[in-house]
Amino acid sequence: MESGVLMQFKDLGIGMVLALAALGSASGAGIAGMAAIGAWKKSFAQNKAASFMLVAFVGAPLTQTIYGMIVMNKMYELAARGQYLWGIGAFAGAAIGLSAYWQGKCAASACDAMGETGKGFGNYIVVLGMTETVALFVMAFTLGILGKLAGA
């Protein structure tokens, strides 16, 4: 069994990138989900049709977990060679997770607006795409850095 503090925490960066991304996804989807339920409740109370399209808003933050997993897999390759990269895992995971969190907040507003008016789906998706772009940038730039470290 390996001993020493470094060896005990060697997988910390790998775990953090996925965990922080997933925490953001769960929070964002939860926030958007509550707004969708509220919009549906209003529709049902007014005997209006409830738009199932709100589910697209609720699910939008979930993709950031996938981005965290992609970065985690690349980090694993480096960790297997002794490069643990805690900082990269922590900051990349936090940035991806925050993107998901704020995307969920935007999605909640989209649920409210669409539930009230029944209009604007395309506009709302564009805003959600813009907030998702931050996570895509973080993933792409992090993979670029990890690739350079792998070649070093």
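Tabulated data for the structure shown
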item	result
Where a residue in the stretch 76-102 is at negative phi and its partner, wherever it lies, is aromatic (Phe, Trp, Tyr) and buried (at least 20 other Cβ atoms within 10 Å of the Cβ), with Cβ under 8 Å and at least six apart	96/67
Check on residue 67, under 30 Å from residue 8 (Cα atoms) and in a loop (DSSP other than H, G, I, E, B)	no
Output for the stretch 39-58, where each listed residue is loosely packed, with under 15 Cβ neighbours inside 10 Å and part of a helix (DSSP H, G or I)	41, 42, 44, 45, 55
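No lab work stands behind these numbers, since they all come straight from the coordinates. Worth saying up front: this structure is predicted, and the values here are computed from it rather than measured. Ideal geometry is used to build each Cβ from the backbone, glycine not excepted, and the neighbour counts take in all protein chains shown.
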